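The values are calculated or read from the model by the stated rules, or taken from the named source; none is laboratory data. Only a predicted model underlies this, so the values are computations on that prediction, with no experimental measurement involved. Heads up, the Cβs are rebuilt from the backbone with ideal geometry, glycines too, and the neighbour counts pull from every protein chain shown.
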C-alpha cells in the first residue's frame with residue numbers, strides 16, 4: 001500500500017473480478033401493503049436474487065442489498081449469499097402507496113450483464129409471488 005493519501009496501492013487479482021449492478025423499480029398493486037408483508041418481500045427478494053446469481057455461475061457474492069420505501073416506511077435488506085445471513089431492518093413506519101425498490105448486487109465471477117439479468121429475474125420471481133406489478137421508477 002502506498003503511504004501517500006489518495007494513491008491506490010496494489011490490488012488483489014480477486015477484486016478485479018468482482019462486478020456489480022443496480023436495479024431500480026417501482027412496485028404496485030391495487031391494494032395496500034402491510035409492514036410485515038413488505039419485510040417478507042424484502043427477505044424473499046434477497047433469497048431469490050441469491051438463487052438466480054448462484055445459478056448463473058457466481059463464484060462468490062460480495063453482497064446483495066435492497067432498499068424498499070413506501071411513504072415514510074423504509075426497509076433495508078442485505079445478504080452475503082447464505083439464506084441464514086439475510087438481515088431485514090425497518091424504521092417500523094406504515095407503508096403508504098406504491099413501493100420504490102433499489103437493489104444492488106456485487107458478485108465475483110460473473111459479468112455485469114449476467115448479474116443484472118439474474119437480479120432482474122429474482123425481482124420478477126418475487127414480485128409475481130406477491131402479486132406486484134413492476135413499473136418504471
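See the values below:
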quantity	calculated
Residue 89 being out of contact with any strand residue (DSSP E or B) (no Cβ under 6 Å at 6 or more places or on another chain) and either over 18 Å from residue 48 (Cα atoms) or modelled with pLDDT of 95 or more (or both)	no
Test: residue in the range 79-88 that is more than 23 Å from residue 18 (Cβ to Cβ) and under 13 Å from the mean Cα position of the chain (by Cα)	yes
Selection within the range 77-128 - within 16 Å of residue 37 (Cβ to Cβ), outside any loop (DSSP other than H, G, I, E, B) and in contact with a helix residue (DSSP H, G or I) (Cβ under 8 Å, 6 or more places away or on another chain)	77, 88, 90, 99, 101, 126
The range 48-64, subset touching a helix residue (DSSP H, G or I) at 6+ places or on another chain (Cβ under 9 Å) and surrounded by fewer than 19 Cβ atoms within 10 Å (Cβ to Cβ), residue nearest to residue 102 (Cα to Cα)	51
Subset of the range 68-99 (residues that are surrounded by fewer than 16 Cβ atoms within 10 Å (Cβ to Cβ) and within 16 Å of residue 25 (Cβ to Cβ))	97
Filter pass, residue 32 being more than 12 Å from the chain's Cα centre (by Cα), under 24 Å from residue 137 (Cα atoms) and either part of a loop (DSSP other than H, G, I, E, B) or at pLDDT below 90 (or both)	yes
